[in-house]
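These notes are about the structure you will find just below.
The values are calculated or read from the model by the stated rules, or taken from the named source; none is laboratory data. Being a predicted model, the structure only gives us computed values, none of them experimental. When we count neighbours, we look across all protein chains shown, and the Cβ atoms used for this are built from the backbone with ideal geometry, even at glycine. Just so you know, the surface numbers come from the protein's heavy atoms only, side chains and all, with ligands and any DNA or RNA stripped out. Shrake-Rupley method; radii C 1.70, N 1.55, O 1.52, S 1.80 Å.
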Amino acid sequence: MFEKIAHIGIAVKHMDRAMELFTKLFNVKPRRLEEVWNEKVKTALFEFNGTSIELLEATSPDSSVAKFLEKRGEGVHHISFEVDDIQKEIERLKTLGFQLVNESPRQGADDYLVAFLHPRSTNGVLIEISQKRVPANS
Ligand code: ZN
């Protein structure tokens, strides 16, 4: 089940400058900076009043964010939706004919499991579905 927007991802070329700009804009500091190794990105998350905005900077030229910046420039990169059961949603969306970039969930930022839908099958919008990972020892 889709529950709510988890965050909106914005691709930036220079994280330092972008963080400064969005800190001024939102009048809050980012809650955290994180490097997501398997996605080759650095992320900064701004949170206020239930809204989350994620800045993304590529850490390698073969990162998907680097390719996005090359093709489309800086701007809105993806919309992330929180789901209750990511594996179930992947199966459901596949059955409906949506193209998945990831057929099994991957480790995303902030201890979320994530999967992306190919923008080819979603009107040009890169959609991420994400599920908060339940700690193994709980
Ligand atoms: Zn995201």
Per-residue accessible area for residue 128 at 1.4 Å probe radius, Å² rounded to 10? 10
Would you mind telling me which residue in 28, 83, 41 has the biggest mean-square fluctuation in a Gaussian network model of the chain, where springs connect alpha carbons within a distance under 10 angstrom? 28
Leaving out same-chain residues fewer than 8 places away, which lysines sit with a Cα under 21 Å from that of residue 24? 13, 42
Please give the per residue accessible area of the chain, computed with a probe of 1.4 Å over protein heavy atoms only, in Å². 60
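Calculate the translational D of the chain in whole µm² s⁻¹ from Stokes-Einstein, where the hydrodynamic radius comes from the Kirkwood formula applied to all Cα pairs, the temperature is 25 °C and the viscosity 0.890 mPa s. Each step should come with its number before you reach the end.
Working: Rh = 15.5 Å.
Estimated diffusion coefficient is 159 µm²/s.
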For the chain, build the charge dipole from Cβ charges (+1 Lys, Arg; -1 Asp, Glu) around the Cα centre, then report which of 115, 19, 37 sits farthest towards its positive end. 19
On C-alpha positions alone, give me the angle between the axis of helix 15-26 and the longest principal axis of the chain, in degrees, nearest 10. 90
Cα-centre dipole for the stretch 2-132 with unit charges at Cβ (Lys and Arg positive, Asp and Glu negative), debye to 20: 340
Can you sort 74, 57 by 1.4 Å-probe accessible area, starting with the largest? 74, 57
Order by accessible surface, 1.4 Å probe, largest leading, for residues 78, 14 comes to 14, 78
Residues whose placed amide H lies under 5 Å from that of residue 6, excluding near-sequence neighbours: 80, 81, 82
Using only Cα atoms and rounding to the nearest 10 degrees, what angle (0 to 90) does helix 86-95 make with the longest principal axis of the chain? 60
By a straight-distance test (C-alpha under 19 Å), which lysines pair with residue 4 as possible cross-link partners, with residues fewer than eight away in the same chain excluded? 88, 132
Cross-link partners among lysines for residue 94, C-alpha distance below 20 Å, same-chain residues fewer than 8 apart left out? none
With every protein chain left in place and a probe of 1.4 Å, what is the accessible surface of residue 16, to the nearest 10 Å²? 120
